[in-house]
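Structure first, commentary second.
The values are calculated or read from the model by the stated rules, or taken from the named source; none is laboratory data. Model, not experiment: these values are computed from the prediction. Here Cβ is always computed from backbone atoms with ideal geometry, including for glycine, and neighbour counts include all displayed protein chains.
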Amino acid sequence: MKTWIINESSQYVTDKSFQLTTDKLRQFGIVFETTNMMEATGEPQYENYPFVVSAVIVLDKPSKKFAKEAGLGNSVSKLGAIAQCVSYMGGVPVDHILQDEMKSSNESGIGSNFDLIANQFNATEATVNVQTSQFGTVAAQRGKLSQFKSLHFATEKAAQKYIDYLILNRLFALSMLVGFILDRPINMVGHNGWSQIETMATGK
């Protein structure tokens, strides 16, 4: 498994074994993005734990149409193409799946899959945030008004610790179930992950 830094807030992780099939066999990866929500929103709830992490599936070689529309031309690098693809249309959100539904044989401890991660952090590093999902991917997959736990981090270092944990313990498990994950809806309209992958591949 390899990790590339896209920019100061994003990184891309993939492996040759991360494969899915559309019109042909394609490699995919995960983009992790760390956002300072205090800077982004100014909302007081983020004052002590401003950093949140999102994770999305993206094709390893998305269409370069997104980069062209951004004025980058045909010479854009692979990471540049991935960054523009995610910026333009997003990816397939999987942070909730990595937290709650994946687990490796390396992990041990008491509690849910989420608890196994949360227990890696003390109060100076992270806090548990509970949200009620009315819209978006979690609501589409788990039902409207379902509750969703996530971690908010005090520092970028703590956020990276969380990403490193997911990379080490849960990405391979996700890769083996990627077809089933893409079958799921990603919004309340009913579009699924495969429709996102098709747009990434074709640029339309």
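A few notes on this one:
- Test for F18: is it assigned to a helix (DSSP H, G or I) and in contact with a Gly (Cβ under 7 Å, 6 or more places away or on another chain): no
- Exactly one residue out of T124, T137, T132 is outside any loop (DSSP other than H, G, I, E, B) and surrounded by fewer than 15 Cβ atoms within 10 Å (Cβ to Cβ), and it is T132.
- The set of residues in segment 18-69 that are surrounded by 22 or more Cβ atoms within 10 Å (Cβ to Cβ), over 30 Å from K149 (Cβ atoms) and in contact with a Ser or Thr (Cβ under 8 Å, 6 or more places away or on another chain) contains only F66.
- Residues of segment 85-100 that turn out to be farther than 17 Å from F32 by Cβ and surrounded by 15 or more Cβ atoms within 10 Å (Cβ to Cβ), as a count: 1
- The residue of segment 178-192 that is nearest to the chain's Cα centre (by Cα), among those that are assigned to a loop (DSSP other than H, G, I, E, B) and surrounded by 13 or more Cβ atoms within 10 Å (Cβ to Cβ), is I186.
- Residues in segment 68-108 that are among the polar types (S, T, N, Q), without any contact (Cβ under 8 Å) to a residue 24 or more places away in the chain and in a loop (DSSP other than H, G, I, E, B): 5 in all.
- Number of positions in segment 154-176 that are under 16 Å from the mean Cα position of the chain (by Cα) and in contact (Cβ under 8 Å) with a residue 24 or more places away in the chain: 16
- Filter result for D60 (at pLDDT 90 or above and within 23 Å of A201 (Cα to Cα)): yes
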